[in-house]
1. Within the range A:236-278, which residues are surrounded by fewer than 21 Cβ atoms within 10 Å (Cβ to Cβ) and on the phi > 0 side of the Ramachandran plot?
2. Within 14 Å of another protein chain (Cβ to nearest Cβ), within 18 Å of the chain's Cα centre (by Cα) and of a type in the set (S, T, Y): is that true of A:T313 in this structure?
3. Given B:P87, B:P71, B:P44, which one is in contact with a strand residue (DSSP E or B) (Cβ under 6 Å, 6 or more places away or on another chain) and more than 14 Å from every other protein chain (Cβ to nearest Cβ)?
4. Can you go through A:K346, A:K274, A:K342 and tell me which one is more than 22 Å from A:I38 (Cα to Cα) and in a loop (DSSP other than H, G, I, E, B)?
5. Enumerate the pairs (first residue in the range A:111-134 and in contact (Cβ under 8 Å) with a residue 12 or more places away in the chain; second residue anywhere and assigned to a helix (DSSP H, G or I) and not hydroxyl-bearing (S, T, Y)) with beta-carbon separation below 6 Å, excluding pairs fewer than 6 apart on the same chain, so at least 6 apart or on different chains.
6. Where residues in the range A:263-288 are charged (D, E, K, R) and either in contact with a strand residue (DSSP E or B) (Cβ under 8 Å, 6 or more places away or on another chain) or without any contact (Cβ under 8 Å) to a residue 24 or more places away in the chain (or both), which of them is nearest to A:A75 (Cα to Cα)?
7. For the range A:1-120, please list each of the strands (runs of 3 or more DSSP E) lying entirely inside it that holds at least 2 residues being modelled with pLDDT of 95 or more and more than 14 Å from chain B (Cβ to nearest Cβ).
8. Can you pull out the residues in the range A:121-135 that are in a helix (DSSP H, G or I) and surrounded by 15 or more Cβ atoms within 10 Å (Cβ to Cβ)?
Amino acid sequence: MAAEILKRTPLYEEHLRLGAKLVPFAGWEMPVSYPAGILAEHQAVRRAAGLFDIGHMGLIKVEGDGALALVQKAATNDAARLSMNQCQYSLLCNERGGVIDDLLVYRLPMFYLIVANAVNAERVAARLKAFGDNSSVGFYDAYCALSLQGPQACQLAEKVLSAALAGLKKNHAIWWRDIIISRTGYTGEDGCELIVAKTEAAKLWQAFMKEGVQPCGLGARDTLRLEAGLPLYGHEYDESTTPLEAGYGWAVKFDKSEFAGRAALLAEKSQGRKKQLVGIELDGRAIPRQGARVFTVDGRPLGAVTSGTFSPTLRRPVALAYLTAPAAQVAVEIRGAKYSGKVVDKAFRQGVK
Amino acid sequence: MIFPENLKYSKEHEWVKADGTVAAIGITDYAQDSLGDVVYVEVPPLGKELAAMQEFGVVESVKSVSSLFCPVAGKVVDRNAALEKQPELVNDSPYDSGWIIKVEMANPADLNSLLSAADYQKLLK
């Protein structure tokens, strides 16, 4: 059997030096954790700051006269509302309204920059090209992204980069010495993401390490996003799930021009959703994993878990699940036994901005 | 990583420490390191009869869940109650305060089929 050849980010050597545990992820060899461990990395982001290599994520450039029209036709949010250097959460849907991927769309002076999940990068680029006319779609190959997250993240970025970020609003970006710094993230904390030339990425990473920033892997990225109730492709999203079911109707703008999936999503909006994403806090310590079945308290099937973990902040198991009917109390099946849980706000962690 | 000489090891990464006919069972330093932060250990009720290499519980880390296998046949006579509140003992002290269950061995000769510390370490290479 041929071994899969895994891609490496420009920070691969840094991860090795730091003693990271590397795992295959979406065709990349990525750090899942460092010697501190997932819980410590998680807490570093909640209390101070942590740095993530997100160089596996797809950076796609859409440029030319038809760039805005292309983005508008392909994605659900209204890119015409973006001011210069602003970004928005958006979704790429199929004609049935199913999610092909969730995206961050930046309006930059020379082009629109689309950040896609690593596993979907090629599909997203192909999909965008299918909507193209007088515009071109290509990978923003020479650049990669790092994510610095936590209450002290922006302060640290200011110090390391000698940049002024205090006035940088959420979902806005600035260009600073060939680095795009945006106030964005995927952890439920304040923070910024840095899009930097691949040739400069290691130097920038090392500068943050010198400041004592905790390096964080995919494990902590997952527990942090889960505690914040943020969806992940392959768990909460796939092509049989719509943005409305996931609770992201706000990122679908029916009042703009035609876009892929519009008719199906409009019909769903008027007829009602088949399922809805909820948060569940469980009693006991057993952790519900993806696929665990959810029942009403009297035993009727209600849905399934899409992601579950031990919440380091709440010190208990939490899960995201799609339910076909509203419920306040549920039972989740783990290894044949049923554990009671209550349905809660998806943003499990209080005070998530 | 540490693999004490006085213990016996299974290919499934459990260790066994025999004291007369009672065997304490836990997971190895290698296993706890591979799992990462342990957040839950599920163990069988007292009195449960286990066959050699029967699955008897699970260890959950933040990231994954792993089955536990009982390297020797016997009856569960003790469970480490401290793990209910502090499952991280499995990481911090895998061979000592992180022990998981004790069984009254049905057949102490089961120990002979287990690996020595040296053989177990060869398996890891």
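The values are calculated or read from the model by the stated rules, or taken from the named source; none is laboratory data. Note that the coordinates shown come from a computational prediction; the quantities given were computed from them, not determined experimentally. Here Cβ is always computed from backbone atoms with ideal geometry, including for glycine, and neighbour counts include all displayed protein chains.
1. Matches in the range A:236-278: A:G247, A:G272.
2. Values: within 14 Å of another protein chain (Cβ to nearest Cβ): yes; within 18 Å of the chain's Cα centre (by Cα): no; of a type in the set (S, T, Y): yes.
So A:T313 does not fit the description; no.
3. Numbers: B:P87 fails: more than 14 Å from every other protein chain (Cβ to nearest Cβ); B:P44 fails: more than 14 Å from every other protein chain (Cβ to nearest Cβ).
Step by step, each of B:P87, B:P71, B:P44 is checked, and only B:P71 is in contact with a strand residue (DSSP E or B) (Cβ under 6 Å, 6 or more places away or on another chain) and more than 14 Å from every other protein chain (Cβ to nearest Cβ).
4. On the way: A:K346 fails: more than 22 Å from A:I38 (Cα to Cα); A:K342 fails: in a loop (DSSP other than H, G, I, E, B).
Exactly one residue qualifies, and that residue is A:K274.
5. These pairs meet every condition: A:Y112/A:A67; A:Y112/A:V71; A:A116/A:V124; A:L128/A:A74; A:F131/A:L70; A:F131/A:K73; A:F131/A:A74; A:G132/A:L70.
6. Going residue by residue through the range A:263-288, those that are charged (D, E, K, R) are A:268-269, A:273-275, A:281, A:283, A:285.
Retained after the next criterion (residues that are either in contact with a strand residue (DSSP E or B) (Cβ under 8 Å, 6 or more places away or on another chain) or without any contact (Cβ under 8 Å) to a residue 24 or more places away in the chain (or both)): A:275, A:281, A:283, A:285.
Numbers: A:K275: 22, A:E281: 33, A:D283: 39, A:R285: 40 Å.
Per the stated criteria, the residue is A:K275.
7. A:28-33, A:50-53, A:58-63, A:87-93, A:99-107, A:112-116
8. Correct list: A:A121, A:R123, A:V124, A:A125, A:R127, A:L128, A:K129.
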